[in-house]
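Everything on this sheet refers to the single structure shown next.
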């Protein structure tokens, strides 16, 4: 994340790391891609295969119900 921040040059280095736990605290997703272990192509293929069987997002509804 820090490497990407430095490459972008439009945010302070370490910002994403500091926000990581808070941003993902809900832990509910319709699909997950590990971009640290998978290439962009592998992630895109996973999403392409996932979507036909899951045409509607459910994570936001589950988060709303949990409140």
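Some notes on this structure:
- In degrees, nearest ten, helix 40-50 long axis to first principal axis of the chain (Cα): 10 degrees
- The chain - mean residue ellipticity at 222 nm from DSSP helices (-39,500 (n - 2.57) per run, n ≥ 4, rounded to 500): -14500 deg cm²/dmol
- In the list (1) 1.38; (2) 1.44; (3) 0.97, the label attached to Cα Rg over 2.2 N^0.38 Å as derived from the coordinates here is (1).
- Stretchable slack from residue 2 to residue 23, in nm (0.36 nm times residue separation minus alpha-carbon distance): 6.0 nm
FYI, it's all coordinate maths here, none of it is from the lab. The structure displayed is predicted, hence computed values, not measured ones.
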